[in-house]
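Here the structure comes first, spelled out in structure tokens, and everything after it is commentary.
Please treat every number below as a calculation from the coordinates, not as lab data. Since we're looking at a predicted model, the values are computed, not measured. Heads up, the Cβs are rebuilt from the backbone with ideal geometry, glycines too, and the neighbour counts pull from every protein chain shown.
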Amino acid sequence: MSGVRSDEMLLQELAGDLAAWLRRQSELGLTTLARREAPRAVARPPAPAERQAPLPSVAPRHAAPASTSELPSAASNEAVGRRMEEFAQSVSQTLSSNRPRDAAPQRATTQAALRAQLGDCQRCPLCDDRTNLVFGEGAERPRIMFVGDMPTADEDRSGLPFAGAEGELLGKMLQAMKLTPEQVYLTSVVKCRSTPARRPHPEEVRRCRPVLAAQIRIAQPEVIVVLGGAALAALKPDETLTAEDRGKWMELHGVPMMPTFHPTLLLQKPELKKAAWQDLQQVMKRLALS
Ligand code: SF4
């Protein structure tokens, strides 16, 4: 909305400046406008394709008038100035009539609307590294929201959360929990990947955090499962995190949260799967899934 307002003001300022300038030209007795000498064309041999295909005879859009007699006189300068002011006023009135009075930015009520609001997000430097912004995917009203830390290379390529080998393992975990796709939402703390891979920086988390908060507000999950120490550290930066934090109930935006291992770590260390399963069983018990 502020963008529309500043566009109006800029347009009015430009029209006012142009009108004043034209009036000044008229007062100085200038009846013609100086025309800049067109740059001399440098002869070059035609490219082979040009020799074969003749150019279409379309007039250039910004062609200069053929002679000075076509340039505006002082009287027409004033007329142009008046018309510019009228035009700016009419644009301003049209924009005002199309805009609800004192409208506040709309609060997204669906994940799709939130994603649209995010657009080509440039709020943090991670936008420079990403291939795709990995927003999240799943049910509009899931029972569980799974939150990782940062998209992996597979997710960055596909634009889908938990793609690749980690996603396959997570899919098996969801099956074991007797969850259907309609009961789950998958996302991450930050939505863009850094190259090379690393933990998200605190400033990146701070910039992206409102997106996750809005996703949670819209989804209203019964439980959040946070996957991995990097995601937990990003979500709970004010707490001293230890290995014992895993498997203990916490809270995020008023929603019960269970931290457990990230599927990537479980692929590297299968011996941790048993402990992860115990964490997920606590979730199942809370949701009466077992
Ligand atoms: S990580 Fe979040 S804040 Fe940063 S560019 Fe991506 S969507 Fe925007």
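Observations on the model:
- FRET efficiency for the Trp249 to Lys274 pair, using the beta carbon distance and R₀ = 22 Å, is estimated at 0.70.
- When the range 111-286 is described by a simple charge dipole with +1 on each Lys and Arg Cβ and -1 on each Asp and Glu Cβ, the residue from Ala165, Leu232, Ala176 located farthest towards its positive end is Ala176.
- Hydrodynamic estimate: the Kirkwood radius of the range 111-286 over Cα pairs, inserted into Stokes-Einstein at 10 °C and 1.306 mPa s, corresponds to D of 99 µm²/s.
- For the range 111-286: lysine pairs under 21 Å (alpha-carbon distance), excluding those fewer than 8 apart on one chain: 15
- Ordered by the number of other Cβ atoms lying within 10 Å of each residue's own Cβ, fewest first, Ile218, Ile144 fall into the sequence Ile218, Ile144.
- Extension gain (nm, one decimal) between Lys285 and Thr131, 0.36 nm per residue minus Cα-Cα: 51.6 nm
- Inter-label distance, Thr180 to Arg157: 3.2 nm, where each label sits 7 Å from its Cα along the C-beta direction.
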